[in-house]
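Some notes on the structure that comes next.
Every number here is computed from the coordinates shown, using simple stated rules; none is lab data. Note that the coordinates shown come from a computational prediction; the quantities given were computed from them, not determined experimentally. Using ideal geometry, Cβ is built from the backbone for each residue, glycine included, and neighbour counts are taken over all protein chains shown.
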Amino acid sequence: MSCVIFGAGKIARGFIGHLLYLSGIPFVFVEKAQTLVDLINEKGCYTVNILGNPERNCVVQNVRAYGYDEKEKIAEAIAEADAVFHAVGGKNLEAIIPYLAAGIEKKTERGGRLNIVACENWKKPADIIREGISVRLSPEARSYFEEQTGCTEAVILRSAIEPEPEQLKEDPLMVNVQDYWELHVDASRLKGSLPDIRGLHLISEFGGFLERKFYTYNAANGSVSYLGALLGYEILAEAAHDERILEILEGVYDETARALCVRYGMDLKDQMEFTRGSLAKLQNYVIVDKIERNARDPLRKLGPDDRLVGSARMVESCGIRPENLCTAIAAAIFYTHEGDPSAAELKKLREEKGVDYVLENVCRLDPKGDMAELIREKIRMLTQKGWIRPAE
C-alpha cells in the first residue's frame with residue numbers, strides 16, 4: 001500500500017502527508033520546484049506544529065520527493081500506488097495531467113484500482129483532471145481508467161500557515177497547522193476504497209458540500225482579508241474581531257447561507273451553525289495568519305467563479321441581493337500591496353482604465369448590470385467612510 005502526493009507545499013506536507021504518515025502509509029511527493037525537492041530529499045523529514053495544541057506536534061519521517069523531470073519514476077510510483085492526492089493549486093492542474101496519464105498507462109499493465117483525490121481550493125478540480133487524463137490515454141488505458149480509476153474531491157478545512165523565520169532556521173520544511181483532523185472526501189466517485197487514513201471522513205451525499213465550504217469559508221476569508229487590508233490590519237484574526245468588518249461579514253454569511261438553502265435545500269439553521277465554524281477559525285488568535293497571504297493574487301480572486309464574485313453571482317441567481325458580498329468586492333478592487341505583482345497590475349488597471357474595466361475584464365460582469373452598479377455604490381460608500389482613499 002502506498003500513495004503519491006502531487007505538490008509539496010504547506011497543505012501537501014502539513015495535512016495530506018501528515019495524515020498518511022500517522023496512518024503508517026508510505027508516500028512520495030511529486031513537486032515542480034526542484035529546490036524544494038532537493039531539500040526534502042536532503043532532510044528526509046519535517047516538523048508539523050499543531051497550533052494551540054503543541055503536545056500533538058509531529059516529525060514526519062522517511063520523506064522523499066521526485067521532481068518533474070523524473071518522469072519514469074513518477075509513472076512507476078503511480079503504477080504502484082493505491083491513491084494519488086494532488087494539492088498543487090487550481091492554476092497548476094493542467095501541468096500534472098501528463099504525469100497522471102503516463103502513470104495510468106503503466107498502471108493498466110499492473111492492474112489494481114486507483115483513486116485520484118483532488119485537494120484543491122478550486123471549482124470542479126476532479127472533472128478537470130478526469131477529462132484531461134482521458135483524452136491522453138491509449139484505448140486500452142482509457143478502458144482501464146473508466147472502469148478502475150476514481151477521480152474524486154476532498155474538502156480541506158485545515159489551515160496551514162507559514163512558520164516564522166526563526167522556526168524555518170530550525171527546520172526549513174516546518175509547517176504550522178490548525179488543530180483540525182478530518183479529511184472530507186466524496187465517496188460517490190471512488191472506485192473501491194481508499195487506504196485506511198487517519199481522519200478520513202467519507203461522504204456519500206457530497207453534492208453541495210464542496211460548494212458549501214467554498215461559499216461559506218472562502219467567501220468569508222476573502223471578505224475579511226480585503227476589508228481588513230483597507231483598514232490597515234496585518235493579521236486575519238485581528239481583522240475578524242473588528243466590529244465594522246464583523247457587521248459586513250455577518251451579512252456575507254447570511255447572504256450565502258440563504259442562497260445555499262435555496263440551491264441545495266439545506267436547513268437554514270444548520271447552515272448558519274456551519275458558518276460559526278468559519279467565524280471561529282477566522283477569529284482564532286492562535287492561527288497567526290497574515291492578511292497578505294490570504295489577499296494575494298487579487299486578479300484571480302476577483303475572477304467570475306472565485307470566492308467573492310462567484311459567491312455574489314450564486315447569491316444573485318437565488319434571488320438574493322448580495323449587498324455585503326459586493327462591499328467585499330469593492331474592497332478587493334482597491335487592494336494594494338507593493339510585493340504582489342497581481343495587486344500592482346490590478347492597481348494599474350484601476351487607475352489607467354477605470355473600475356468599469358476591472359468589473360468587465362477581471363470580474364467578467366456586465367458594467368451596466370445590477371451587480372456592477374451595486375459594487376460601484378459600495379465603492380462610493382467605502383470612500384465616504386474613508387476606508388478607500390481617493391489617492392489610491
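Of HIS18, HIS201, the sequence from fewest to most neighbouring Cβ atoms within 10 angstrom is HIS201, HIS18. Once the Cα atoms are used to define both axes, helix 370-385 deviates from the longest principal axis of the chain by about 70 degrees. Quick query: amide H of ILE235 versus all other amide H atoms, modeled in the peptide plane; which residues come in under 5 Å with a sequence gap of 5 or more or a different chain? Amide H neighbours of ILE235, under 5 Å, 5+ apart: ILE291.
Quick check of the Kirkwood formula: for the chain, what is the inverse mean of 1/r over all pairs of different Cα atoms, in Å? Could the numbers behind the result be given before it?
Values: mean 1/r = 0.0454 Å⁻¹.
Over the chain, the inverse of the mean reciprocal pair distance is 22.0 Å.
Distance from the Cα centre of segment 85-162 to that of segment 318-361, in angstrom? If you average the Cα positions of each part, the centres end up 33 Å apart. Counted over segment 74-213, the DSSP beta bridges are approximately 25% antiparallel. Have a look at LEU51, PHE29, ILE5 and report the one farthest towards the positive end of the charge dipole of segment 1-159, computed about the Cα centre with Cβ charges (Lys/Arg +1, Asp/Glu -1). Of the listed residues, the answer is LEU51.
In the chain, a dipole from Cβ-located charges (positive for Lys and Arg, negative for Asp and Glu) runs towards its positive end, and of CYS261, GLY232, GLY17 it is CYS261 whose Cα lies farthest in that direction.
The phi-based Karplus calculation (6.51 cos²θ - 1.76 cosθ + 1.60; θ = phi - 60°) puts the 3J(HN,Hα) values of segment 346-359 at 4, 4, 4, 4, 5, 7, 8, 10, x, 4, 4, 5, 4, 4 Hz, whole numbers, x for Gly and Pro. Of TYR46, TYR180, the sequence from fewest to most neighbouring Cβ atoms within 10 angstrom is TYR180, TYR46. Calculated mean residue ellipticity at 222 nm for the chain: -14500 deg cm²/dmol, from DSSP H runs with n ≥ 4 weighted as -39500 (n - 2.57), summed, divided by the residue count and rounded to 500. Among LYS347, LYS290, sorting on how many other beta-carbon atoms sit within 10 Å of each Cβ, with the fewest leading, yields LYS290, LYS347. The angle between the Cα long axis of helix 323-333 and the main principal axis of the chain comes to about 80°, on a 0 to 90 degree scale.
Helix 125-134 and the longest principal axis of the Cα set of the chain meet at an angle near 40°. Whole-Hz Karplus values for segment 196-206 come out as 6, 9, 4, x, 5, 10, 7, 10, 6, 9, 7 Hz, taken residue by residue from phi with 6.51 cos²θ - 1.76 cosθ + 1.60 and θ = phi - 60°; glycine and proline positions read x.
Each part gets one Cα centre, and for segment 9-32 versus segment 264-289 those centres are 26 Å apart. The alpha carbons of segment 202-274 occupy a box of 42, 23, 16 Å along the principal axes, longest dimension given first. For the chain, the share of DSSP beta bridges that are antiparallel, to the nearest 5, is 25%. Consider all pairwise Cα distances in segment 3-203 and report the whole-number % of them above 23 Å. Summing the P(r) tail past 23 Å for segment 3-203 gives 40 percent. With 20 Å as the limit on Cα-Cα distance, the pairs of LYS269/LYS290; LYS32/LYS213; LYS213/LYS269; LYS10/LYS32; LYS213/LYS281 that go past it are LYS269/LYS290; LYS32/LYS213. Close amide-amide hydrogen proximity is noted between ILE5 and VAL28, PHE29, VAL30, PHE85, each under 5 Å apart and 5 or more residues distant or on a separate chain (H modeled in the peptide plane; Pro and chain starts excluded). Among the listed pairs LYS71/LYS106; LYS43/LYS169; LYS301/LYS385, those whose Cα-Cα separation exceeds 20 Å are LYS301/LYS385.
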